[in-house]
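Below is one structure, written out as structure tokens, with a few remarks after it.
The values are calculated or read from the model by the stated rules, or taken from the named source; none is laboratory data. On a predicted model such as this, the values are computed, not experimentally measured, just so you know. Cβ placement follows ideal geometry from the backbone for every residue including glycine, while neighbour counts extend to all protein chains displayed.
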Amino acid sequence: MALVGVSVLAFYLGLAALTYLVLASLWTSDVDLLTTVVLLAALSLAFGYLSYRFGTNRVLADVDAARVPRERAPEIHRRLDGLSTAMAVARPTLLVANLSTPNAFAIGGGRDAVVVVDRSLFRLLSADEFEALLAHELAHLQRRDSLVQTLAYSAMRTVVGVLTFLLLPALFLLTGAARGLAWIRGRPTEWLETPFGRVRYRLGQVVALAFVVMTLFVRAHSRRREFAADDRAAEVTGKPVALARALRKIQRASEPGWGLLSTLYVHGDDDGPLTRLLSTHPSMDERIERLVAMGERAEAARWHRVEVQ
């Protein structure tokens, strides 16, 4: 076991030395630090954009969406035309799919933009509610939210990857020392309980914490974009309550026993704080309350103008 411990230590020391030499050669090379950062940022954005483009096609293929002919839903198409003009965005292609829950989402951008709606929404929502939901999705397209989120995730992975790479020599060194010492002691499974193992564990926690913090930041930005899309839809349609009604119907239709969902769907009545922090969307109740309050303020302002006149 002592021989195995020494072999393990030598192996990890070799990895630590190799990664250190790579980092040292990069540091002492003639490559400018600013140039390296710019190159990494450009590569991160490029890979993020490629992921976004190919991911869009993959999502559409997975949901097996089909075009909605204008003659089958002339009123919806008419309202979509009006919204696209009012919001100065390229008119997206309207697709229908059988999603796991009543829902709608927008992906792509420019002439390649599409809005996918679940088939059940055509009978679940009124024309005004459907229009408000479409305006919400167009607001995402207008600000290219899906592209921004994809690039943000790509940048986050790049930053965490660079941090991990910089710490590799120390990680390999500590891991080798901890595992080697554990083998020499005759307790190979308890390597994390050695002094080196505890330091290695703390160093791993630093990387994990960086990943968690950046994930929370990106998710918080996503939730803010949902509120912004609600506000934009209410501004364009002038019907915040219609969007609130649409969201309430979608929320109720997503509950167990409604009849549209598969038997594998699980509905959680109470989300914990961590769930809310990691969610890409704010709670439906919070969005509905904001929209109802917005509608009440608009109605109060309208009555005030009538009284003044």
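Out of (1) within 16 Å of the chain's Cα centre (by Cα); (2) without any contact (Cβ under 8 Å) to a residue 60 or more places away in the chain, the odd one out for VAL218 is which?
(2)
Which one of ARG202, ARG198, ARG187 is out of contact with any helix residue (DSSP H, G or I) (no Cβ under 9 Å at 6 or more places or on another chain), surrounded by fewer than 20 Cβ atoms within 10 Å (Cβ to Cβ) and free of Cβ contacts under 8 Å to residues at least 40 places away in the same chain? Steps first, please.
Details: ARG198 fails: out of contact with any helix residue (DSSP H, G or I) (no Cβ under 9 Å at 6 or more places or on another chain); ARG187 fails: out of contact with any helix residue (DSSP H, G or I) (no Cβ under 9 Å at 6 or more places or on another chain).
It is ARG202.
Could you pull out the residue among LEU166, LEU192, LEU99 that is out of contact with any helix residue (DSSP H, G or I) (no Cβ under 6 Å at 6 or more places or on another chain), within 30 Å of TYR12 (Cβ to Cβ) and either modelled with pLDDT under 90 or surrounded by fewer than 18 Cβ atoms within 10 Å (Cβ to Cβ) (or both)? Don't jump to the end; show me each part of the working.
Values: LEU192 fails: out of contact with any helix residue (DSSP H, G or I) (no Cβ under 6 Å at 6 or more places or on another chain); LEU99 fails: within 30 Å of TYR12 (Cβ to Cβ).
After ruling out the rest, the residue left standing is LEU166.
Would you check which residues across region 137-150 are surrounded by 24 or more Cβ atoms within 10 Å (Cβ to Cβ) and either outside any helix (DSSP H, G or I) or out of contact with any strand residue (DSSP E or B) (no Cβ under 8 Å at 6 or more places or on another chain) (or both) and list them?
Within region 137-150, just ALA139 meets the criteria.
Test of understanding: among LEU40, LEU34, which residue is aliphatic (A, V, I, L, M) and touching a residue at least 12 places away in the same chain (Cβ under 8 Å)?
Numbers: LEU34 fails: touching a residue at least 12 places away in the same chain (Cβ under 8 Å).
Result of the check over LEU40, LEU34: LEU40.
Taking region 62-80, which residues are among the acidic types (Asp, Glu), more than 28 Å from the chain's Cα centre (by Cα) and either under 20 Å from SER126 (Cβ atoms) or not in a loop (DSSP other than H, G, I, E, B) (or both)? Walk me through how you get there before you give the answer.
Taking region 62-80 and keeping what is among the acidic types (Asp, Glu), we get 62, 64, 71, 75.
Subsequent filtering for residues that are more than 28 Å from the chain's Cα centre (by Cα) retains 71, 75.
Answer for region 62-80, where residues must be among the acidic types (Asp, Glu), more than 28 Å from the chain's Cα centre (by Cα) and either under 20 Å from SER126 (Cβ atoms) or not in a loop (DSSP other than H, G, I, E, B) (or both): just GLU75.
Return the residue satisfying two criteria in turn: it lies in region 112-135 and is within 16 Å of THR101 (Cβ to Cβ) and in a helix (DSSP H, G or I), and of such residues it is nearest to the chain's Cα centre (by Cα).
Top of the filtered list is LEU133.
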